[in-house]
Amino acid sequence: MANKSFWNEASRGGAVVGLVNVGLSLIGMALPSISFVASLINFVATIYLLFYFTRRRSLLFYKEGYTYTESLGFIVAMGIFAGIIAGAYQIVASNFLFKEMFEETFNTSIATLKQTGLYTNEMMDQMVTMMRSYTFSPLPALLANIFGNVLYFGFCGLFISIGTKREPEIFDINIPDEEDE
């Protein structure tokens with residue numbers, strides 16, 4: 001039964017982590033004065049929640065054990081679902097909620113790249129097109145967030161999985177009840 005619930009639990013855990021990330025990101029965008037604190041809380045909350053959901057899943061496998069790779073795979077699967085939620089948020093935030101802030105940040109980034117003098121005009125035009133699509137277009141923004149969360153969660157999972165793996169029970173001790181004797 002525990003093996004059949006993999007995607008169900010990964011989607012539920014990823015949704016919770018994604019919603020916490022979106023909520024704290026929204027707070028950071030709405031109140032720029034505390035954005036650093038919100039980002040720090042977001043980092044700590046993400047690590048804690050990944051550990052919590054993975055540890056809870058590993059406890060289901062107390063007899064057969066839960067390997068490092070199973071733990072890492074579960075964390076990466078949660079990253080897919082958290083990325084979907086984060087991508088949906090970015091689409092709404094960049095096109096509706098904080099459009100001016102995203103445009104300002106985008107224009108500042110482009111101006112900074114132009115000032116370096118490392119890129120030709122043709123290269124800059126290509127970068128502007130690509131960056132605009134990853135920032136404002138729905139499908140590239142969604143895919144970039146999914147990919148980014150998978151990489152981020154995978155990196156965190158390299159360390160979290162050390163603490164969530166379980167060795168299999170090597171002794172199956174069944175102590176008979178008094179009624180069995």
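Which members of region 68-108 meet the condition of being open to solvent by less than 70 Å² (accessible area, probe 1.4 Å) and hydroxyl-bearing (Ser, Thr, Tyr)? Result: SER71, TYR89, SER94. For region 54-110, a residue qualifies if it is in contact (Cβ under 8 Å) with a residue 40 or more places away in the chain, of a type in the set (Gly, Ala, Ser) and in a helix (DSSP H, G or I), and the qualifying residues are SER58, SER71, ALA77, GLY79, ALA82, GLY83, ALA86, GLY87, ALA88, ALA93, SER94. Has region 134-144 got any residue that is in contact (Cβ under 8 Å) with a residue 12 or more places away in the chain and outside any helix (DSSP H, G or I)? Looking for residues that are in contact (Cβ under 8 Å) with a residue 12 or more places away in the chain and outside any helix (DSSP H, G or I), one finds none in region 134-144, hence no. ILE41 meets all of the listed conditions (1) modelled with pLDDT of 95 or more; (2) closer than 14 Å to GLY79 by Cα; (3) open to solvent by 40 Å² or more (accessible area, probe 1.4 Å) but one, namely (2). Scanning region 35-68 for residues that are farther than 22 Å from SER5 by Cα and small (Gly, Ala, Ser) gives SER35, ALA38, SER39, ALA45.
The values are calculated or read from the model by the stated rules, or taken from the named source; none is laboratory data. Everything numeric here is computed off the predicted structure, so don't read it as measured data. So basically every Cβ, Gly included, is an ideal-geometry build from the backbone, and we count neighbours across all protein chains shown. Accessible surface is based on the protein model in full, side chains and every heavy atom, while ligands, DNA and RNA are left aside. Shrake-Rupley method; radii C 1.70, N 1.55, O 1.52, S 1.80 Å.
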